[in-house]
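The values are calculated or read from the model by the stated rules, or taken from the named source; none is laboratory data. Quick caveat, the model's predicted, so the values are computed rather than measured. Cβ coordinates were reconstructed from backbone atoms using ideal geometry, including for glycine residues, and neighbour counts include every protein chain displayed.
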Amino acid sequence: MQAAFLSIRDRLDRAGIILSGLCAVHCILGVVLVGVLGLGGEALLSPAIHRVGLGLALGVGLLSLGLGVRRHGRIAPLIIGGAGLSLMAGALLVGHGTPEAVLTIMGVSLVALGHIRNVHAAH
């Protein structure tokens, strides 16, 4: 039972790292395609995509990082990931454009770092 629980937590951390990377790619592509080429503004910059992404990040992040604290007792991954999630939430408030992309990329970078530190602390 313990091994299955650890496997699920590890998978959630890895999913968090992958989701963070996908979010960063989405932001960069959105800025480039919309800002430079004028393509895909409706789909790439839809507020619904950002709300869903933040919801996924919150769910996966809080669950896996919180479970990590319970397992290894180190709170740093949760604090780093929480700071990233806060930046991502703040990005929803500034509107579309460069400030949103910068906040989101900084946020997902911190979330990914929190997940990476969580995986390392567990092993």
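What the table shows:
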read-out: Residues satisfying the stated conditions in segment 108-123, i.e. within 18 Å of Val25 (Cβ to Cβ) and in contact (Cβ under 8 Å) with a residue 40 or more places away in the chain; value: Val108, Ser109, Val111, Ala112, His115, Ile116
read-out: Selection from segment 42-57 of residues that are surrounded by fewer than 16 Cβ atoms within 10 Å (Cβ to Cβ) and either part of a helix (DSSP H, G or I) or in contact (Cβ under 8 Å) with a residue 24 or more places away in the chain (or both); value: Glu42, Ala43, Pro47, Ala48, Ile49, Arg51, Val52, Gly55, Leu56
read-out: Filter result (part of a helix (DSSP H, G or I), surrounded by 13 or more Cβ atoms within 10 Å (Cβ to Cβ) and more than 13 Å from the chain's Cα centre (by Cα)) within segment 91-100; value: Leu92, Pro99, Glu100
read-out: Failed item, numbered, when Val60 is tested on (1) modelled with pLDDT under 80; (2) crowded, with 19+ Cβ neighbours inside 10 Å; (3) hydrophobic (A, V, I, L, M, F, W, C); value: (1)
read-out: Arg51 vs. criteria among the basic types (Lys, Arg), touching a Ser or Thr at 6+ places or on another chain (Cβ under 8 Å) and modelled with pLDDT under 85; value: no
read-out: Matching residues in segment 91-105 - criterion: being of a type outside the set (A, V, I, L, M) and either modelled with pLDDT under 85 or more than 9 Å from Cys27 (Cβ to Cβ) (or both); value: Gly95, His96, Gly97, Thr98, Pro99, Glu100
read-out: Where Arg74 falls short, out of the listed (1) outside any loop (DSSP other than H, G, I, E, B); (2) modelled with pLDDT of 75 or more; value: (1)
read-out: Members of segment 75-90 that are surrounded by fewer than 20 Cβ atoms within 10 Å (Cβ to Cβ) and more than 9 Å from Val111 (Cα to Cα); value: Ile75, Ala76, Ile79, Ser86, Leu87, Ala89, Gly90
